[in-house]
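The values are calculated or read from the model by the stated rules, or taken from the named source; none is laboratory data. What you see is a predicted model; the values in this text were computed from it and never measured. Positions of Cβ are backbone-derived with ideal geometry, glycine not excepted, and every protein chain shown enters the neighbour counts. All accessible areas refer to the heavy atoms of the entire protein, side chains included, with ligands and DNA or RNA removed. Shrake-Rupley method; radii C 1.70, N 1.55, O 1.52, S 1.80 Å.
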Amino acid sequence: MSDAVRLEALRAEALGCESCVLSSRRTHVVFGEGNPKAPLVLVGEGPGEEEDKTGRPFVGRAGKLLDSALGDCGLTRDDVYICNTVKCRACDWSTGRPVNRPPTDEEAAACRQWLFPQLAAIAPEAILCIGAPSAKNLIKRDFKITRERGRFFPTELCRVILATLHPAYILRQQGATSDGGYSMLVADIARGWETAVKLRARGSTRAGVEVAPAQLGLEL
Ligand code: URA
């Protein structure tokens with residue numbers, strides 16, 4: 001089975017997932033989209049209201065900012081692959097109305113059955129975690145986003161992994177005198193992309209040719 005076929009089979013299976021409580025209130029499973037052979041995968045936290053409605057990742061206000069940052073790097077969504085650590089919207093329903101909340105550790109753990117094979121099928125050279133929850137989930141539990149964003153970390157999931165600020169956070173920080181960290185988001189996407197493309201060009205792990213990131217002058 002080719003990687004693209006494997007990815008679509010996985011999506012079909014994930015659409016019926018009932019492994020955690022998030023399945024009971026979701027409208028759509030937001031599996032992910034983009035280039036199934038992308039050298040760089042962006043992994044966000046989880047779908048919000050717009051994503052739950054449409055079944056597509058990063059389509060709300062934060063998504064528009066992400067599109068703009070990709071554009072500032074000369075990229076579109078079709079160059080990369082975009083998904084989330086959890087595939088269903090996490091909400092607090094205690095007031096009777098849905099209020100977005102971060103996914104619990106149990107929910108994130110349950111969703112690894114989809115995320116990890118998804119990443120394996122795409123086989124990117126680099127992963128860019130979008131926001132602290134994704135970085136804590138995929139890099140290390142005590143990840144400090146303001147101090148450690150933009151740095152490469154070793155990982156079993158691909159060649160290198162790094163994290164950047166979440167566009168929703170940037171939107172909250174933006175003001176008359178501050179871009180809220182938007183330039184950091186652009187710089188981190190550019191760094192992740194350029195590194196991923198270099199690593200792919202020098203020989204991918206899939207072809208069985210290893211190039212240590214240090215050989216490319218990357219700091220780990
Ligand atoms: N925030 C995320 O982390 N992911 C989305 O898909 C949308 C908003």
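Brief remarks on what is shown
- Scanning segment 133-151 for residues that are assigned to a helix (DSSP H, G or I) and out of contact with any Asp or Glu (no Cβ under 6 Å at 6 or more places or on another chain) turns up Ala135, Lys136, Asn137, Leu138, Ile145, Thr146, Arg147, Glu148.
- Among residues of segment 152-178, those that are part of a loop (DSSP other than H, G, I, E, B), closer than 20 Å to Ile82 by Cα and away from the ligand (no atom under 15 Å from the Cβ), counted: 6
- Within segment 1-33, the set of residues being among the β-branched types (Val, Ile, Thr) and assigned to a loop (DSSP other than H, G, I, E, B) comprises Thr27, Val29, Val30.
- Flag for Leu75 being near the ligand (Cβ under 9 Å from one of its atoms), among the aliphatic types (A, V, I, L, M) and in contact (Cβ under 8 Å) with a residue 40 or more places away in the chain: no
- Residues that are buried (at least 20 other Cβ atoms within 10 Å of the Cβ) and small (Gly, Ala, Ser) within segment 175-197 comprise Gly181, Gly192, Ala196, listed in sequence order.
- Any hit, segment 126-143, residues being away from the ligand (no atom under 16 Å from the Cβ), open to solvent by less than 60 Å² (accessible area, probe 1.4 Å) and under 16 Å from Ile82 (Cβ atoms): yes
- Some residue of segment 157-165 being over 30 Å from Ala4 (Cα atoms), open to solvent by 40 Å² or more (accessible area, probe 1.4 Å) and under 17 Å from the mean Cα position of the chain (by Cα): no
- Restricting segment 32-44 to residues that are open to solvent by less than 40 Å² (accessible area, probe 1.4 Å) and within 11 Å of the ligand (Cβ to nearest atom) leaves a set whose member that is nearest to His166 (Cα to Cα) is Gly44.
Here is a yes/no grid of residues against (1) over 29 Å from Glu106 (Cβ atoms); (2) not in a helix (DSSP H, G or I):
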| residue | (1), (2) |
| --- | --- |
| Val43 | no, yes |
| Glu50 | no, no |
| Ala69 | yes, no |
| Gly74 | yes, yes |
| Asp78 | yes, yes |
| Val86 | no, yes |
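- Against the test of being open to solvent by 70 Å² or more (accessible area, probe 1.4 Å) and modelled with pLDDT of 95 or more, the options Arg172, Arg200 yield a single qualifying residue, Arg172.
- Qualifying position, being open to solvent by less than 70 Å² (accessible area, probe 1.4 Å), farther than 18 Å from Ala168 by Cα and either in contact with an Asp or Glu (Cβ under 6 Å, 6 or more places away or on another chain) or away from the ligand (no atom under 11 Å from the Cβ) (or both), among Val21, Val59, Val80: Val80
- Of all the criteria given as (1) within 12 Å of the ligand (Cβ to nearest atom); (2) free of Cβ contacts under 8 Å to residues at least 12 places away in the same chain, the one not satisfied by Ala90 is (2).
- Of all residues in segment 83-102 being open to solvent by less than 20 Å² (accessible area, probe 1.4 Å) and more than 13 Å from the chain's Cα centre (by Cα), the one that is farthest from Trp193 (Cα to Cα): Cys91
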